[in-house]
Structure formats: C-alpha cells, structure tokens
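Asker: The structure that follows is given in the form of structure tokens.
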Protein chains: 2
Amino acid sequence: MTQFGPAIRERRERLRRDDRRYSVRQVATRIGIEPAYLSKIERGEVAPPSEATTVRLAKELDQDPDVLLAMAGKVSGDLQEIIRKRPKLFAELIRQLKEAPDHAVLRVVREVRDGDW
Amino acid sequence: MTQFGPAIRERRERLRRDDRRYSVRQVATRIGIEPAYLSKIERGEVAPPSEATTVRLAKELDQDPDVLLAMAGKVSGDLQEIIRKRPKLFAELIRQLKEAPDHAVLRVVREVRDGDW
DNA sequence: CGTCATGTGTCATACCTAGTACACACTATG
DNA sequence: CATAGTGTGTACTAGGTATGACACATGACG
C-alpha cells in the first residue's frame, strides 16, 4: 500500500510543475494549516491529519477524498453514519462482500442504482 | 436513538435478575476494567469506552457487537478495513444504499450470498 | 450483628491528537 | 546582489481519551 505522505508529496509536486502555486507553503495556507505541519505530513514524520484536513487537502489536490482517507487509515464520517444507522444490515453486507471481486461489487452497485424498489 | 450507557445498564440488570453474577463489579472484573469505570459508563458520565472494551462488554452481555458499537458512535475496525481496501467501490455502494429500505438491502445481501461469481 | 458485596464519588494520570509558533538555511529571480 | 519564497528543524501546547486507585455509604446474607 502506498503511504499517505509520499502520495501527497508526489501529487503536489506534479501539480507544481505546471503551477508554482502548489508549494508546501501556499497549499498549506490555502487549506488552513501551518506549512511546517504539511511538510511533516508529506514526509510521514507525523501521522496523517484529521478527516477534515484530509478532505480539504484532497479537494485542493483534486483527488478522491475517500481514497485519501483510506490511505490515512480512516473511513469518511458520512459513510460511518450510514452504517451506524443500520449496523446489522450493513455489517452483514460489507462482510459478505469482503472477498467478492470488484466486478461483482460493481454489479451490485449498478443493480441498486437502477433498482425499482 | 437509545443511549449507550442506559442500554448497557438495562441489559445487565435484566441478566442480573436471573444471575447474581451480573453485578457492576463482577462484569467489570470479567471484562477487565474498573468497576467505577463501568458504573460511569452505564450512567453516561463518561463517553462510551474503546472499541475493544465495547466488544468485550457486548460478548459478556450477549449482545451484537456491531449494534453496541453503533450506539457508541463507532464502526467496527474490521468493517473499516474492508472499506479501506477498496474505498471508491465501497463508498459508492454504501452511499447508494443510504436511502434504500431495509428489504432492498437485505435482498442484495441474499443475492451476494447466493451469487455465482 | 458482623461482614461481605454493591454502586458510586473524588482525584489523579499517561498517552494521544492535531496541531501552532518561529527561526534557519537554501534557492531562484529580477 | 538583494530579496522574496521555499522546505524544514525544534519546541511547545490545549484538549480529549481511557482509564486506575481508593474510599465511602448502603444494603443483603448467614
């Protein structure tokens, strides 16, 4: 699994090649944290930041928040809330899908989307 | 939503009617926490305990761990891990199912269980 | 009646989370 | 060459998490 910090650094530096506004300092300022803190995050010197900060960072770097949160070892609060409202149901479903191949899960997603319930 | 503490208390006292071994003290000792701490948990004087403690408590009181964790505002670590391994897929699925009625979700569960992938 | 168990109040604590503040050395640019 | 911007090291902290230790008053049991 790719580490959170390095992934961020790579992404930011890529963006920076075309746009000087993607420096540690400026990105940090835009998402409302200290530059030194972002630097440490990117080098993995500290643990990934809070969910809120991770999401702001994801948006800033035009990345999928759920993917970044996953790398940070977290699951989005809104997903957790959905699960908590019907814990038995969702726990069973998710454990059921643990070993299912991607295409099987996708099929379920599509079925539900087009479902006529 | 029922609160975590009171639900625990109620359940424990119910068990206690038939079995004197379900006192605050004895339950606490069996699951490895201080009696005073369990007392505070049951009265909601402190926040619900850690996931590990909650699960031990659930087993001790013969309750569904996922349900108790949900009341505690948490989602089981093993479910989170499943989601984190394929964040996009599961995020989409779960958000898709947010408004789906129970029977629709259950249908999906059954389909997957009997699925031929 | 003694003693054992019960629930709870008070106080203390170790560790974690999620950062801030500031200075310093290097680099690029006009 | 000045200066503006860059990344990073060191030091610090407010607030929360998850308990532990112990004493005390009450109630039940033999």
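Asker: Computing the accessible area with a 1.4 Å probe over protein heavy atoms, can you report the carbon and sulfur percentage for chain B?
Answerer: Of the solvent-accessible surface of chain B, carbon and sulfur hold 46 percent.
Asker: Suppose only helical runs count, i.e. DSSP H with n ≥ 4. What mean residue ellipticity at 222 nm does that imply for chain A under -39500 (n - 2.57) per run, divided by all residues and rounded to the nearest 500 deg cm²/dmol?
Answerer: That calculation yields -20000 deg cm²/dmol at 222 nm.
Asker: Using unit Cβ charges (K, R positive; D, E negative) and no other charged atoms, how large, in debye to the nearest 20, is the dipole of the protein assembly as shown about its Cα centre?
Answerer: So the dipole magnitude of the protein assembly as shown works out to roughly 620 debye.
Asker: Another one. Taking only protein heavy atoms into account and a 1.4 Å probe, give the accessible area per residue of chain B in Å².
Answerer: Value returned for chain B: 57 Å² of accessible area per residue.
Asker: Excluding ligands and nucleic acids, what accessible area in Å² is computed for A:Ser76 using a 1.4 Å probe, to the nearest 10?
Answerer: Accessible area of A:Ser76: about 10 Å².
Asker: Would you list, by chain and number, the lysines whose Cα falls below 23 Å from the Cα of A:Lys59, excluding same-chain residues fewer than 8 positions away?
Answerer: Cross-link targets: A:Lys40, A:Lys74, B:Lys85, B:Lys88.
Asker: Return the value, in Å² to the nearest 100, of accessible area buried between chains A and B (probe 1.4 Å, both sides summed).
Answerer: Details: alone 8820 and 8810 Å², together 13360 Å².
Looking at A and B, the buried total is near 4300 Å².
Asker: Evaluate peptide B:58-71: per residue, the Cβ atoms of other protein chains within 10 Å of its Cβ; return the mean as an integer.
Answerer: Mean shielding by partner chains, rounded to a whole number: 3.
Asker: Is there a quick way to get the dipole size of chain B? I mean about its Cα centre, with the Cβ of Lys and Arg at +1 and of Asp and Glu at -1; what is the value in debye to the nearest 20?
Answerer: Dipole of chain B, to the nearest 20 debye: 340 debye.
Asker: Another question about this same structure. Evaluate the distance, in nm, between pseudo-label points positioned 7 Å from the Cα of B:Arg95 and of B:Thr29 along their respective Cα→Cβ axes.
Answerer: 5.1
The values are calculated or read from the model by the stated rules, or taken from the named source; none is laboratory data. Given the structure is predicted, the values throughout are model-derived calculations rather than measurements. FYI the Cβ positions are ideal-geometry reconstructions off the backbone, even for glycines, and counts take in every protein chain you see. Note: accessible area is taken over every heavy atom of the protein model, side chains too, but ligands, DNA and RNA are not part of it. Shrake-Rupley method; radii C 1.70, N 1.55, O 1.52, S 1.80 Å.
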